[in-house]
């Protein structure tokens, strides 16, 4: 091969190599463009998904806040209803108590007027218990009917008195209480451990929490 042929052969070889390199360069450029294009196409989708996720998180936060507010409101309403119910119950009890007190105390003066009648029945019953009448005789049988009548009337009257809240105060053999007892006499009794009512001259009575009359008593006191 002469010189000219060698030069021509080398020129062709270089031309082929350059063509191959250009072809590979174009291929790489095309692939890069394709990748870039694909990336550009996916970017809005990724951004959309991220935005949707952010919106969901925001909605969840809003719902949680609304639920917390609703729960707080429900708790407040429940507490208010409990207070209203308690106030209503207290008012009902107070009205019932006032109604009862009004009914009881409305007859207070009338109850005081009944005390002499009660005393009269007490004396009559005491006299009957102390009597030595022989009820087997004809005269005794006549008196027995009267006694039974007095006892029956006394029982009915005492029941009616108690029904309207009039109660007898503690009397003989009970601890002395200045609220209940009016001590008109006092004696020393070493057998006693505290001041005690040893005799009752006139019974005391109360209606509800109010004293109608204190009992007149003799008090025994320890040394």
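Points worth noting:
- From the list 80, 97, the one residue that fits, being surrounded by 10 or more Cβ atoms within 10 Å (Cβ to Cβ), under 42 Å from the mean Cα position of the chain (by Cα), more than 16 Å from residue 165 (Cα to Cα) and not assigned by TED's automatic domain parsing to the domain that holds residue 211, is 80.
- Subset tally (residues that are more than 20 Å from residue 123 (Cα to Cα), at pLDDT 90 or above and surrounded by 15 or more Cβ atoms within 10 Å (Cβ to Cβ)) for the range 182-200: 3
- Of all residues making up the range 126-140, the number that are more than 22 Å from residue 203 (Cβ to Cβ) and surrounded by 12 or more Cβ atoms within 10 Å (Cβ to Cβ): 3
- Breaking point among (1) farther than 26 Å from residue 114 by Cα; (2) surrounded by 16 or more Cβ atoms within 10 Å (Cβ to Cβ), for residue 203: (1)
The values are calculated or read from the model by the stated rules, or taken from the named source; none is laboratory data. All figures in this text were calculated on a predicted structure; none of them were measured in a lab. Glycine gets a Cβ as well: all are built from the backbone with ideal geometry, and neighbour counts include every protein chain shown.
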